[in-house]
Amino acid sequence: MTKGRSATAMLEQVTKLSRDPHRLREERENMFEVAIGREVRAFRCQEAITVAESSGRTGLSIGMLSKIENGNTSPSLTTLQTLAHALRVPLTSFFCRFEEHREAVLTRAGEGVEIELQAHGLDISIICRVISGPMPVA
């Protein structure tokens, strides 16, 4: 064994080295980045500006803009805000395709049914609305 290093420290070092920071991420891990990149590119093309012009407007490097548009990096909200301002679109426009439409049901006090559960040492109260008719199948 190496002087002054425990087996645990050596194992931690080997573990750190076995993680490749440059590995390609799995497809599902960067779907969001790819979709945002496509939106950024679409808005840039809609404005009829080049990546170089976009770089001048935003202060972001051409390389960074390329990485964003190709989904190779996850831009911060500040960067997306800068891009939105330069492309004259709302920040939320980059996320429009990710909107999930969900129905909300208002249950007024005294109208619902309260269900009380205990799980993992917690007391849980759920108030839900009684729906008549057949249950929808998901």
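The values are calculated or read from the model by the stated rules, or taken from the named source; none is laboratory data. Only a predicted model underlies this, so the values are computations on that prediction, with no experimental measurement involved. Heads up, the Cβs are rebuilt from the backbone with ideal geometry, glycines too, and the neighbour counts pull from every protein chain shown.
Taking the conditions exactly as written (modelled with pLDDT under 95 and more than 18 Å from the chain's Cα centre (by Cα)), does ALA7 satisfy them or not? Step through it out loud before you land on a result.
Numbers: modelled with pLDDT under 95: yes; more than 18 Å from the chain's Cα centre (by Cα): yes.
Answer is yes for this residue.
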Inset, instruction - Answer yes or no: is there a residue in the range 79-88 that is touching a helix residue (DSSP H, G or I) at 6+ places or on another chain (Cβ under 8 Å) and over 20 Å from GLU53 (Cα atoms). - result: no
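Which members of the range 81-128 meet the condition of being charged (D, E, K, R) and either touching a Pro at 6+ places or on another chain (Cβ under 9 Å) or assigned to a strand (DSSP E or B) (or both)? So that I can check it myself, show each step before the final result.
Residues of the range 81-128 charged (D, E, K, R): 88, 97, 99-100, 102-103, 108, 111, 114, 116, 123.
GLU114, GLU116, ASP123 - these are the residues of the range 81-128 that are charged (D, E, K, R) and either touching a Pro at 6+ places or on another chain (Cβ under 9 Å) or assigned to a strand (DSSP E or B) (or both).
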Inset, instruction - Would you check if ARG129 is farther than 30 Å from ALA35 by Cβ and either acidic (Asp, Glu) or modelled with pLDDT of 75 or more (or both)? - result: no
Inset, instruction - Can you confirm whether the range 42-59 contains a residue that is loosely packed, with under 14 Cβ neighbours inside 10 Å and touching a Ser or Thr at 6+ places or on another chain (Cβ under 8 Å)? - result: yes
Legend entry - Boolean, GLU69 is among the charged types (D, E, K, R) and buried (at least 16 other Cβ atoms within 10 Å of the Cβ): yes
Legend entry - Residue among LEU77, LEU87, LEU117 that alone is surrounded by 13 or more Cβ atoms within 10 Å (Cβ to Cβ) and either within 30 Å of MET64 (Cα to Cα) or touching a strand residue (DSSP E or B) at 6+ places or on another chain (Cβ under 8 Å) (or both): LEU87
